[in-house]
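Note sheet for the following structure.
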Amino acid sequence: MTQPKHLPSTMTAVQLTGHGGLDQLVYRDDVPAPTPKPGEVLIQINAAGINNTDINTRIGWYSKSVEGATEDGGAGGIDAVDDSDASWSGVPLGLPRIQGADICGHIVAVGDVADAARIGERVIVRSMMRYYSDYRPYECTTIGSEIDGGFAQFVAVASKETHAVNCDWSDAELASIPCAYSTAENMLHRAQVGAERVLITGASGGVGSAAVQLAKRRGATVVAVCSPAKSANVLALGADQVIDRNADLVAELGDSCIDVVLDLVAGDQWPSLLELLRRGGRYITAGAIAGPLVTLDVRTLYLKDLSLLGSTFQDDVVFENLVSYIERNEIRPVVAKTYPLADIAQAQTDFLAKKHTGKLVLIPPVVGDTAA
């Protein structure tokens with residue numbers, strides 16, 4: 001391992017100790033600091049964003065035994081979760097786990113094979129990693145789920161998944177990018193969105209607000225769905241029209257008027273999303289915060305020649321494009337609030353309340369110059 005100075009042997013981190021409520025998040029200052037393996041770099045973390053996936057993983061929402069919305073157990077957990085499939089990969093989660101899919105920091109050491117010249121770079125980390133899955137199509141490793149993530153002072157990850165970024169953004173702004181913006185960009189990439197009429201559900205959240213900006217960047221006309229209290233904020237992001245999330249969408253917009261639906265919500269309103277699509281339209285989803293089980297009228301699907309797409313695995317170009325957008329000042333995230341890492345329970349409580357627009361970001365304690 002190559003490093004410029006002596007690094008601490010322990011670090012401050014939040015460990016997820018089991019599926020359940022906020023009490024499963026344990027803040028500790030004696031967690032062994034990681035050592036980068038061959039091909040990996042060690043990152044000193046400056047900021048780490050919060051995402052729905054952090055809560056989904058904590059409560060075991062990915063298990064097929066769960067049928068409700070994220071908010072149903074977001075604070076207190078869900079009763080009788082089947083731990084055997086309660087992760088992104090559908091296998092038991094390795095515990096304890098340091099969560100956090102959004103990472104911004106500086107490289108402070110490298111493992112064997114990795115380039116020592118990278119030490120000192122300010123970087124972000126791709127959240128849906130291909131390196132650990134040997135670059136097989138539709139297989140990926142999720143940082144903060146299958147491997148330890150960003151709710152800590154340090155993390156060791158593959159150099160190939162770690163991208164240097166040259167910009168004047170704050171660490172909190174950069175930490176808003178990896179998970180939410182790559183999810184949104186991947187949906188647009190997979191659905192091949194261009195200068196079309198696009199409807200985005202959950203448009204005030206981290207992924208939704210990213211999707212508004214990224215869709216506008218592609219020349220789309222954006223119809224955003226969110227709460228009325230957040231309409232002005234979403235319009236400021238670039239949306240052309242905002243619709244109340246509790247409205248009758250077909251009555252408000254008309255039948256067959258949308259080219260592409262980017263859905264992060266699902267739930268009871270889902271059938272109306274297909275009614276909104278024009279013939280030959282595309283529906284793509286990367287979330288189901290209002291509930292994963294929906295009613296599909298198959299006649300709507302085939303008589304309108306619709307395409308239904310899921311979006312998790314990301315082509316390499318997706319994250320590469322995001323870095324280029326940042327460096328060309330084509331996008332800018334909204335940071336609603338930052339919190340000390342020790343206040344993660346309050347931060348997730350605020351996240352679940354959904355009174356914010358944009359991202360909530362955690363800041364770990366500053367690392368001292370001497371070993372812990």
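The values are calculated or read from the model by the stated rules, or taken from the named source; none is laboratory data. Just so we're clear, the structure is a prediction, and the values are computed from it rather than from any experiment. FYI the Cβ positions are ideal-geometry reconstructions off the backbone, even for glycines, and counts take in every protein chain you see.
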For this session: Please verify whether segment 263-276 includes one or more residues that are buried (at least 18 other Cβ atoms within 10 Å of the Cβ), farther than 24 Å from A180 by Cα, at pLDDT 95 or above and in contact with a strand residue (DSSP E or B) (Cβ under 6 Å, 6 or more places away or on another chain).
Result: yes
For this session: Within segment 153-201, track down each residue that is farther than 23 Å from A109 by Cα and of a type in the set (G, A, S).
Result: S176, A180, S182, A184, A191, G194, A195
Problem set entry | segment 101-129 residues that are over 19 Å from F313 (Cα atoms) and free of Cβ contacts under 8 Å to residues at least 24 places away in the same chain, paired with ones that are surrounded by 21 or more Cβ atoms within 10 Å (Cβ to Cβ) and not hydrophobic (A, V, I, L, M, F, W, C) (beta carbon under 7 Å, 6 or more apart) | none
For this session: Go through segment 203-226 and count every residue that is assigned to a loop (DSSP other than H, G, I, E, B) and modelled with pLDDT of 95 or more.
Result: 4
Exercise. Somewhere in segment 153-166, is a residue over 30 Å from D244 (Cβ atoms), of a type in the set (D, E), buried (at least 17 other Cβ atoms within 10 Å of the Cβ) and assigned by TED's automatic domain parsing to the domain that holds G20?
Worked result: yes
Exercise. What number goes with the only condition from (1) within 15 Å of the chain's Cα centre (by Cα); (2) over 24 Å from A229 (Cβ atoms) that F351 does not pass?
Worked result: (2)
For this session: Please tell me if S170 is polar (S, T, N, Q), more than 13 Å from the chain's Cα centre (by Cα) and surrounded by 24 or more Cβ atoms within 10 Å (Cβ to Cβ).
Result: no
Exercise. Looking at G238, G208, G202, G219, which one is buried (at least 24 other Cβ atoms within 10 Å of the Cβ) and on the phi > 0 side of the Ramachandran plot?
Worked result: G202
For this session: Exactly one condition in (1) touching a helix residue (DSSP H, G or I) at 6+ places or on another chain (Cβ under 8 Å); (2) free of Cβ contacts under 8 Å to residues at least 40 places away in the same chain; (3) of a type in the set (A, V, I, L, M, F, W, C) is not met by A336; state its number.
Result: (1)
For this session: Kindly list the number of the only condition in (1) in contact with a Lys or Arg (Cβ under 8 Å, 6 or more places away or on another chain); (2) under 20 Å from W88 (Cα atoms); (3) surrounded by 19 or more Cβ atoms within 10 Å (Cβ to Cβ) that fails for G281.
Result: (2)
For this session: Within segment 83-95, identify whether any single residue is touching a strand residue (DSSP E or B) at 6+ places or on another chain (Cβ under 6 Å) and among the polar types (S, T, N, Q), and answer yes or no.
Result: no
Exercise. Looking at segment 64-77, which of the residues that are buried (at least 20 other Cβ atoms within 10 Å of the Cβ) and in contact with a helix residue (DSSP H, G or I) (Cβ under 7 Å, 6 or more places away or on another chain) is farthest from V334 (Cα to Cα)?
Worked result: G73
For this session: Evaluate the following for A251: is it among the small types (G, A, S), in a loop (DSSP other than H, G, I, E, B) and out of contact with any strand residue (DSSP E or B) (no Cβ under 6 Å at 6 or more places or on another chain)?
Result: no
Exercise. In segment 129-148, which residue that is in contact with a helix residue (DSSP H, G or I) (Cβ under 9 Å, 6 or more places away or on another chain) and in a loop (DSSP other than H, G, I, E, B) is surrounded by the most Cβ atoms within 10 Å (Cβ to Cβ)?
Worked result: G144
